[in-house]
Every structure is written in C-alpha cells, then in structure tokens.
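The values are calculated or read from the model by the stated rules, or taken from the named source; none is laboratory data. It should be emphasised that the depicted structure is a prediction, and the values quoted were computed from it without experimental measurement. Using ideal geometry, Cβ is built from the backbone for each residue, glycine included, and neighbour counts are taken over all protein chains shown. In case anyone asks, the SASA skips ligands and DNA or RNA and just uses the protein heavy atoms, side chains included. Shrake-Rupley method; radii C 1.70, N 1.55, O 1.52, S 1.80 Å.
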Amino acid sequence: MTAEQEFDFIRDSLDHCVKCTICETACPVAAVTPLFPGPKYVGPQAERFRGAGQSVDASLDYCSSCGICTLACPQGVHVAEINSRARAVMKQQHGMPLRDQLIARPPLQGKLGTPVAPVANFVLSNRLARLVAEKTLGIHRNAPVPKFAGRTFRSWARRQPAPASAGTRRVAYFHGCSTNYFEPGLGRKAVAVLAHNGCQVVLPRQGCCGLPLQSNGIFDAARGYVRRLVAGLAPYAKQGYTIVATSTSCGLMLKREAREILGVEDDDLRAVSSQTYDICEFLAGLAEAGELQTDFRPVPLTVTYHAPCQQQGHNIGKPALDLLALVPQLKVIELDRTCCGIAGTYGLKREKYDIAMQVGSGLFGDIRAARPDLAVCDSETCRWQITHGTGRTSVHPVEILHRAYGLG
Amino acid sequence: MEEGRHANIRLDAVAATAPIECEVLVIGGGSTGVGVARDAAMRGLSTVLVERGDLATGTTGRFHGLLHSGGRYAVKDPQAARECIAENIVLRRIAADCIEDTGGLFVTTPIDDPGYADRFVAGCTDTGVPVEEIGVAEALRREPRLNRRITRALVVPDATIDAWKTVWTCARSAAEYGARILPYHEVTAVTRAGDQVTGVVARNQGGETVEIRAQVTVNASGAWAGLLAAMAGCRVQISPGKGIMLATNHRLVQTVVNRCDMPADGDILVPVRTVSVIGTTDTLVSDPDDWAVTRAEIDQMLQAGENLVPGFAGSRVLRLWGGVRPLFQDHAPQESRDVTRAHAVLDHRARDGVAGLLTITGGKFCTFRLMAQDAVDAVCAVLGTTRPCRTADEPLPDSEDRHYYVLGSRLAGRERTLLDEQVICECELVRRGRLTDEMARRPAPSLDDLRRAVRLGMGPCQGGFCMYRAAGILHQTKHLSAAEADRALLAFLEERWKGYYPLLHGDQLRQAWLDDWIFQGVLDAGHLPLRAPARRPDTETAQST
Ligand SMILES: Cc1cc2nc3c(=O)[nH]c(=O)nc-3n(C[C@H](O)[C@H](O)[C@H](O)COP(=O)(O)OP(=O)(O)OC[C@H]3O[C@@H](n4cnc5c(N)ncnc54)[C@H](O)[C@@H]3O)c2cc1C
C-alpha cells in the first residue's frame, strides 16, 4: 500500500461514522471545555468540509491528540488521526508559534539544557523566569516541565561495560529523549531488568521520534525526525533484534502513528514497526511464555496504576498490571480514568493549561484518595503531570520491577 | 463568508380571490422559469410565476451540479459548447456565490478512445473553450485518487453550481423587482379567448383555485412543456431523457473529472459541496413524472465511478436520484444523447395559430440566463416593446462581491458561532438560527422544503439526527401543530426512504439501522398521533373552574 492510499484509508474511515456520539462522550477535553467542539465534530463531520482550500476551523487545535476517540469509536473511524492531519494543514497555512516549535523539539532542549543543567533547572523553577516564559513564549507558568539530569543516559551508558547476561535474546533499546535528558535512571533500570531476563541489550544511535512535532502539527519536520530514527533502528530490526521502548508514546509512533498520521511508508519503517514492543508488553510476553524471571522480592507498597492514553493506543491491554501482579506484597490500585490532561505538550501551553488540569482532576482526585506510596504510569509526561497534580512521586512500572528484582 | 441569505424572500400564501393580472405569466419554477421571471421583472414588466411544487423541484433540483465549460459538447454539439462557455463566463460574473470554482479535468482512461483527446482539443479551440494539457503526473498530484492508468489530462474551466441557491437568489431578485413568485400553484388549465391565450387557472396548496390573467404566457415547464402546451391546444415535442446520479459520503475528488471521450453514461464525477456525484445516464421515458431507477443502473454508476476513481464502488453512497431532461426536438429522436442541448423559443402563434403563448425549452441549467434573455426578447416583441436585457451584468443578490463559494464556508461560519448557537443538522452544519429564519419565510414549510433550502438532512445520516429536531422546532415556533409536525416528520421519512433503500448496504445500511432505532425504537414514529387529540370536556371544565 502506498502512503497515499494509507492517507486515504484514514480519511475514508469517516465513511464508517454513524454519528452515534460515543466519541464525544468519551472525549476528556470536550467534557471540560466548550472551546473544543468535540471529536465527532472536528473529525468525521468537519472533514467533509475540508480538502479544497483554506483551513478555517482553528478550534480543532483544542484537540489534545490523546486518541481516546479513536479507541472509543465502535465503527472504526480514525477520529484522532483525521484531526491530527487537519491540524497539520492548519499550522502549515497559518503558521505556528515559536513556542510550539520549541517544545516540540526535545533534542534541542536537551542539547541546550544538559550542559548547563543547574542553571537551566534554576531558571525552570524560578517563578519570575517562568512568568517571563509565559508572557513571551506562552508556556504556562505552572506547567510541569521536567528537570535536566545533567548527565545524559547515553553518556552514562558509554562508560558502562555491556551488562552481563547469559541470555541470547537480542534487544535494541529505544530509550527516547526523555530518558536520555531527563530520566536517565529509568534507562539504567530498564537495561538492568532486560539483562536480568537474559537480554543482550544494545543501544542503537537514536534521536527524537518526532511525536511532539507531530502533535503540534509540524509534520514535515516530524517526518524528518522519524525517518532518521528509523534509519538508525532498521539495521537492528532486520538482524532480528527486538526493539523495546520505555517511552510508550514514542513506541506508538514507531508502531502506528508514523504511518497512519504522518503517512511515512517505507521498508525500514515496516521492519522497525513490526519489531517494536513497549517494554511492559515485551516483558509480559516473556511471562506468558513462562520465560520471565520471577525471583521477585516482596515490595510492601501501595501503588496506583494509570494507563496513559498513548499506552492504550497500542491495543495491548494493560500488561503493566500483569507484571505488577507478580510482585509479592505489592498492592496495586488500578485507576479507571482515561487521561491525565497533559497529552505530551498540550498542558504546557498557556491557553490550555487550565483545560489540561481539569481533564486530569478526576485522576488526581483518585490518586490523592488512594494515598499511594507511588503513582505508577508508563508515560513520562503523564508522570510529570501526575506529580504536578497530586504531589505524589510517579514512576514507570519497570522501576518497580527493578526494585522487586533487587537490582539496585 | 457564510452563505445563507439566498432564500430571503417571503412567499405568498393566500389565495387571491380576485384574478391576478399581469403582463407576463411564467409557468414553471425551475432555473428557466425563474430566470425568465427575473429578466422580465428587471425589464419593468409586471410578472407572475407559478410552480406546482416548491421552486427547483423539477429537473433543476435534480441535476448533476456542473457549470459546463462547454468541453463536454466541444466535439459533438459545437453550438451547445459555444453557449456553455459564453454563459460560464457570464455566470461566474453574476452568480459567484452560487459557484465553486473547482476547475475541470478531461482524462483519457483505459476504456477511452485514445484518439479523442486530439479531437477534443481541436473542438475546444474551435468553440472558444479554454483548454490546457497537463502531464499525467501533475493530474495525479492534483487528484491523487484518479485512476493511475490515465494517459492524458486536459484542464478546462468547468465548475460546480448550486441549483437551489441560484434559483432562490434569482427568485429573490425577481421579487425585489416586483415579480410575484407563487410556488405550490399547479396550472390545471390554460385559458383562451379564441386564438389568444389569456392566462391560466392554478390550484394552490389548500386546493383553492387561482385565476391569473396575462398578456403573454411563457411556458417554462421543462420536461412538462409538452403537457402544458397541450392544455392550450398546441403541440411541443419533448423527449424526456432520464438520468440518474449517486452521491458519495464525502468528496473523492476536488475537481470536476470527465472521461475524455464522446459523452457516455457515468462519465463525470462532480464535487458538489460535501459530496462527489457520479452520473449520469440518458434513457428516453414517456412520462416525465413516471420513471424508476433499476438496480442495474445503480451498479452501472458504481462501475463507472470505479473507472475514474479506483475503489469508488466500495465507497459509502448516501443517496440516489434521477432527473428528466427537457430535450426538445421536432421529430421523434432515436437516441436521447443525439438530441441537441441547445434551446429553442417557440412562438405558438406561428406554429399553432395560438397567440400569447411562448414555450422556452431545451437548453441546460448553465444556459438558463441566456434562455431567459431570448424568451423575454420574444415576449417584448409580442408586447411591441424593446427593452434591453441587463441580466448578464447585474449580479445576483449575495454575489455582488464576486467571491466564489468555497467548500469550507459553513465550517468557517460555524466557527464564529461555536459557543452561542446549536447545530441542528450536524452533517451539513445547519445552525438553529439559519433554520428558524428559513421557517419564518415560508407560510407552511415542509421538512423537505427546508431540506432543499438549507441542506437540512442532506448528509451522511440523511436526517436521522436532525429531522426530529427540526420537526420539534417547527412545532415550538408555532408553524405546525403537534399532529402536523408528526405528519411532516413521517412524510419526510417516507420521501427519504425512496432515495435510500435501493442502495442500502455497508456503512449506509448501518446508518439506516441506527436511524431506524431512533425513529421507531426511541420515538415510536410508527405510532405517532397524527390527529389532534379530541378535547376532553372534563379537563376543560376543570380548567375553567
Ligand atoms: C440527469 C441530469 C443531469 C443534468 N446535469 C446538468 C448539468 O450538470 N449541468 C447543466 O447545466 N444542466 C444539466 N442538466 C440539464 C438541466 O438540469 C436542465 O436543462 C434544467 O434544469 C431545466 O430547467 P427547467 O427550468 O427548464 O426545467 P425544470 O427545472 O424541470 O422546471 C420546470 C418546472 O415546471 C414545473 N411544472 C410542471 N408542470 C407544471 C404545472 N402544471 N403547473 C406549474 N408548474 C409546473 C415543474 O414542477 C418544474 O419545477 C441535467 C439534466 C438531467 C436530467
């Protein structure tokens, strides 16, 4: 299938819409603000009025791209994908704010911030500086921005002897930008957990997957990013390596969105897509085959688990729950909320921060009520948002496994 | 940018007790008749128009939507081609708001005669139709869904034109110039005094009889012109040529796409507002009111679409309709497509020895203004006056600024009222205010009239979600009693079903099921109280005490 046909496949899915409105009732954004006319409206309905000329419906930018509409649609309409593409046309025609350009490029932030981490972090936590950033850039003063780790995951890994492992499973670890610049600890733990499970882990050269660019409607640049990333990963995929991702949304980019939303279609991407696994999906697969190490020590904690929207987009259920269930004495409270509100970079924006906080308020309330020791969640930006909204520390499921294995 | 003022006239409701007197009486409220009424009124003639149904419910409201460049007739019917391109230019000038400037492509598909393209270019050049060849790759870039096996692509200034909007703005302009526009007045007899036609007798919606006396009567009743002429004892030979069309759920192409070959069935795919329309066929029928669509014709259209846009046959089809061409010919034709598309003004004094009656027939939608001009020139000749025609220069209402209609206009308009106003028809984005304005203009609006006027219920759900809302609003705004609103709803559902059930499969069948659950399951439409409840005396006493 060519990219063009794939594009049409997304638009053509609007033919399946019977107007049932289920997506509208599932949409977390439409539920809290009238500024967003809702997924049915901006998706299958408005799409019939697009295609011949100017983009005229700026309200679609209030879509957070969480993708819940697509998941909720019982007829198979690719609602979120239709919206994303319409947003890209809008940005192309009407230009995009510098802010969107900036927050959509984690490698750029990483390269600028990492060497001067203390200063950068000071600035990021300084009220006055944040006020200036809000006024000049439109990044909300209270929005949860991560702290630079100072030392990147890769620079740590370079000095590291290859983790000893007896096993023969070959894994190429796709750590993503956030692990590299903001949460290198997660990367270290992921590598250790994989090695503990008999994986030979390699670190292919890799950059940003382009997801933040895509969700900000900057498609051309996003395609450039993802193509470069895929070019780096493809040789491993073709040699039979399994590509394992700890960033669930970036993994989804490789699996589905590069093709369905950006319309990238080539052999490299196909090879990479078919070999990419979310880390919990991968480990749960081992567990199912009876090949997961189960030497877990008791972890006497209470944790909540929130499956982020992008994780749900994988259509793999909630493998993290299966894994956490194996840990003795761990009490896991599954939260039945759809979205924390942040949706990548959405909740950072001045005009959307309040909406994002309202979207997340149900989740925050549940977490506070559960009084967990830790709030577990697969996606980095959601973790930051959860911590911002609840004051609780939020970790990736793999960090719990790492602790249960007693690896450090 | 938002359209919508085009139906801005109040329509006459009341039956005239005394006969209506006028200089010019026009029979038929299609593009031709309304064009004649506007032209005559602009020339200062007192004018009345009668139409048996709502305006544009004959062939005009059932056409393919194409503002021809003339390309289609360039080889076969050069006279029609010349008229088309001349009027194409005029209509772009005076009716921009009714036109979307889509452009047109003639493409040589695998089933077309490869030699036709050269004859086509020569024909266009001869008849003055601008034509430009582009590379196949460029054509596919513009229209990615086109059949990749096309071998040539020629660009012509085809466009699409909205019949309802054109007719309604013409009628509004005519009314502004003093014409009386009387929809729902069916001519039942043509009156004569000796060899002179003196007017007509018409029956209105309430079943009352209205007499209209005119110095000149213009028969602009399209495919029905033979029947009307016969009422005056005259003979006009019309060969009604039936054509059918199918509309897809959304646009598959943004340009009018024609097969580059001699005109044939299903050879044009037209982007009409939110949908793509494939058409058409051409079969002689004996009665313009009596024709049906067969399953074979539907399959034929789906296959024809497949040739232009691979995958077409699998796309969601919303509805199906047919129209009857008023093809004029003095001798019985063999083959409907062989009849000329050019028009004729017939003076029945010369033909049948009956004075005061003219028939204007043949032609096309896109030549309606020229047809009207010729007809009113003839009217003036009968009345012994010469008055210049100004319709080629004076824009229609709402088209003064010469901005073409664009597909996104309703979406843009909606964006401005997003927070303040309810959408009644979600598919076609009809705002509540737009609907209630339209209701206020009409004495007794039917849901079907509203459908045509504002495109209510024209989208994917085919009224499933908006018609019960509209019926409720009609009642709430005191246009209809509860029982009348119920009846209106049922009448609409039955009417829609006709254009719907022969095609039901796939997505549209699923939609029909959901709609059926809404109407039968939730609203119990099968058991609506269609009669006003009898007053119960006891409750009345209770209230009065
Ligand atoms: C399938 C098809 C596709 C077409 N596509 C195109 C196209 O793409 N482009 C184009 O330019 N042309 C097209 N045409 C041609 C075009 O539609 C017609 O030529 C044009 O609409 C005719 O308009 P009219 O006013 O003469 O007839 P009509 O619109 O039929 O008007 C005649 C009116 O007279 C009324 N009437 C009849 N009897 C009475 C009575 N007793 N009393 C009162 N009123 C009466 C009827 O109700 C009707 O409304 C197409 C035609 C067909 C059939």
Which aspartates and glutamates does A:Lys147 reach when only Cα atoms under 13 Å apart count, and residues fewer than 8 places away in its own chain are ignored? A:Glu183, A:Glu380
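Heavy-atom accessible area per residue, region B:409-527, 1.4 Å probe: how many Å²?
Details: 4750 Å² over 119 residues.
Counting only protein heavy atoms, the per-residue value for region B:409-527 is 40 Å².
Roughly what % antiparallel, to the nearest 5, for the DSSP beta bridges in chain A? Walk me through the numbers before you get to the answer.
Values: 1 of 22 bridges.
Within chain A, antiparallel bridges account for around 5 percent of the total.
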Using a basic spin-label model with each label point 7 Å from the Cα along Cα→Cβ, how many nm lie between A:Ala221 and B:Glu186? 6.6 nm
Of the listed pairs A:Lys40/A:Lys352; A:Lys91/A:Lys349; B:Lys76/B:Lys242; B:Lys76/B:Lys165, those with alpha carbons more than 22 Å apart are B:Lys76/B:Lys165
To the nearest 500 deg cm²/dmol, what mean residue ellipticity at 222 nm is calculated for chain A from DSSP H runs of n ≥ 4 alone, each contributing -39,500 (n - 2.57), summed and divided by the residues? -13500 deg cm²/dmol
Rg from C-alpha atoms of chain B, normalised by the globular rule of thumb 2.2 N^0.38 Å, equals 0.99
Of all the accessible heavy-atom surface of region A:247-406, with the other protein chains kept in place and a 1.4 Å probe, what percent is carbon and sulfur? 44 percent
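Would you work out the charge dipole size for the protein assembly as shown about its Cα centre, treating the Cβ of every Lys and Arg as +1 and the Cβ of every Asp and Glu as -1, and quote it to the nearest 20 debye? Could the numbers behind the result be given before it?
On the way: 107 positive and 105 negative charges, 803 e Å.
That gives the protein assembly as shown a dipole magnitude of about 3860 debye.
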Solvent-accessible surface (1.4 angstrom probe) belonging to A:Val145, in square angstrom, nearest 10: 50 Å²
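Between chains B and A, what is the buried accessible area summed over both chains (1.4 Å probe, protein heavy atoms, nearest 100 Å²)? Could the numbers behind the result be given before it?
Working: alone 22010 and 17190 Å², together 36440 Å².
Chains B and A together bury roughly 2800 Å² of accessible area.
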On average, how many beta carbons from a partner chain sit within 10 Å of the beta carbon of a residue in B:510-520? 2
Protection proxy (average C-beta count within 10 Å per residue), highest first, orders A:212-225, B:162-175, B:465-478 as B:162-175, A:212-225, B:465-478
Write down, largest first, the equivalent ellipsoid semi-axes of region A:294-404 in whole Å, where each equals the square root of 5 times an eigenvalue of the alpha-carbon gyration tensor. 25, 14, 11
For the pair B:Ala292/A:Lys238, report the inter-label distance in nm, with labels modelled 7 Å from Cα in the Cβ direction. 6.2 nm
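Where a ≥ b ≥ c are the square roots of the eigenvalues of the C-alpha gyration tensor, would you call chain A rounded, which needs a/c under 1.5, or, failing that, prolate if a/b is larger than b/c, or oblate? Present the calculation step by step, with values, prior to reporting the outcome.
Working: a/c = 1.42, a/b = 1.30, b/c = 1.09.
Rounded is the answer for chain A, as its axis ratio a/c remains below 1.5.
Given R₀ = 30 Å, what would the calculated FRET efficiency be for A:Leu98 paired with B:Glu400, taking r from the Cβ atoms and rounding to 0.05? Display every interim value, and only then the final one.
Details: r = 41 Å, r/R0 = 1.36.
Taking R0 as 30 Å, the efficiency between A:Leu98 and B:Glu400 is 0.15.
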In chain A, if the dipole is taken from +1 on Lys/Arg beta carbons and -1 on Asp/Glu beta carbons about the Cα centre, which of A:His175, A:Ala133, A:Leu301 is farthest to the positive end? A:Ala133
Chain B: antiparallel bridges as % of DSSP beta bridges, rounded to 5, reads 70 percent
When ligands, DNA and RNA are left out and all protein chains stay put, how many square angstrom of accessible area per residue does region A:3-94 have with a 1.4 Å probe? 32 Å²
Per-residue Cβ counts within 10 Å, from other chains only, averaged over A:16-24: what number is that? 5
Check: region A:3-94 dipole with +1 on Lys, Arg Cβ and -1 on Asp, Glu Cβ, in debye: 240 debye
Quick check: from the Cα gyration tensor, does the protein assembly as shown come out rounded (a/c under 1.5), prolate or oblate? prolate
If amide H atoms are built 1.01 Å from N in the plane of the peptide, which residues on other chains or at least 5 residues away come under 5 Å of the amide H of B:Leu246? B:Ile278
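Whenever you get a sec, compute what percent of the accessible area on region B:409-527 sits on carbon and sulfur atoms (1.4 Å probe). Spell out each step's value before the answer.
Details: 2660 of 4750 Å².
Carbon and sulfur together cover 56 percent of it.
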The answer for the per residue Cα convex hull volume of region B:409-527, in Å³, is 112 Å³
Could you tell me which residue out of A:Cys377, A:Ala26, B:Phe465 lies farthest along the dipole of the protein assembly as shown toward its positive end? Charges go on the beta carbon: Lys and Arg +1, Asp and Glu -1, centred on the Cα centre. A:Cys377
Quick check: from the Cα gyration tensor, does region B:113-157 come out rounded (a/c under 1.5), prolate or oblate? oblate
At 7 Å along Cα-to-Cβ for each site, give me the label-to-label distance between A:Val89 and B:Ala440 in nm. 3.4 nm
Cys residues of chain B counted as unpaired, since no other Cys beta-carbon is under 4.7 Å: B:Cys22, B:Cys84, B:Cys98, B:Cys124, B:Cys170, B:Cys234, B:Cys260, B:Cys366, B:Cys380, B:Cys389, B:Cys427, B:Cys461
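Taking only C-alpha pairs under 8 Å that are 6+ residues apart, what is the relative contact order of region A:3-94 in percent?
Values: 112 pairs, mean separation 33.0, N = 92.
Value for region A:3-94: 36 percent.
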Ignore the peptide's own chain and count Cβ atoms of other chains within 10 Å of each Cβ in B:401-412; give me the average, rounded. 4
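Based on DSSP, what percent of beta bridges with both residues in the protein assembly as shown are antiparallel, to the nearest 5? Write out the running numbers ahead of the final one.
Details: 57 of 100 bridges.
About 55 percent, rounded to the nearest 5.
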Would you mind getting the accessible area per residue of region A:294-404, heavy atoms of the protein chains only, 1.4 Å probe, in Å²? 37 Å²
To the nearest 20 debye, what charge dipole does region B:409-527 have about its Cα centre, counting +1 at the Cβ of each Lys and Arg and -1 at the Cβ of each Asp and Glu? 400 debye
Total formal charge among the other residues, if their Cβ is under 13 angstrom from that of B:Leu480, Lys/Arg +1 and Asp/Glu -1: 0
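Which order do the peptides B:63-70, B:275-282 take when ranked by the mean count of other beta-carbon atoms within 10 Å per residue, highest first? Present the calculation step by step, with values, prior to reporting the outcome.
Numbers: B:63-70: 26.1, B:275-282: 24.2.
Highest to lowest by the protection proxy: B:63-70, B:275-282.
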